[in-house]
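So the structure is just underneath, and the comments pick up after that.
Readers should treat all values here as calculations from the given coordinates under stated rules, not as data from a laboratory. Computed from a predicted model, the values in this text were never measured in an experiment. Counting neighbours? That spans all protein chains shown, and the Cβs are built from the backbone with ideal geometry, glycine included.
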Amino acid sequence: MEELRCTNCGRKLAETTGYVRLNIKCSRCKTVNAFSMAESAPSAQSHNQACRRASSPEVSRHGGQRP
């Protein structure tokens, strides 16, 4: 898990495991902090597509192959 801290005062703003772009306003000094992660991290869209593929049944409930 990665800590995100204010670039002005150092206050801890959040803990995250992943993001693409994130803007957080510090409640202490009111600085708007812009964070961005490199494109190499898997996107939420590709993660959702992988989950849909994994959960789609290949065989019907009656035991036959899907048409």
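Skipping prolines and chain starts, which residues have an amide H placed within reach, meaning under 5 Å, of the one on Arg5, given they are 5 or more residues away or on another chain?
Sorted by chain and number, the residues that satisfy this are Leu13.
Return the sequence-ordered ³J(HN,Hα) values of the range 10-18 in whole Hz as given by the Karplus equation 6.51 cos²θ - 1.76 cosθ + 1.60 applied to θ = phi - 60°, using x for Gly and Pro.
x, 5, 6, 9, 6, 10, 9, 9, x
Can you sort Met1, Met37 so the residue with the fewest Cβ neighbours within 10 Å comes first?
Met1, Met37
Could you pull out every residue, at least 5 positions away or on a different chain, whose amide H is within less than 5 Å of the one on Thr31? Hs are placed 1.01 Å off N in the peptide plane, and Pro or chain starts have none.
Cys26
Once both labels are modelled 7 Å past Cα along the beta-carbon direction, what's the Ala14-Arg28 spacing in nm?
1.8
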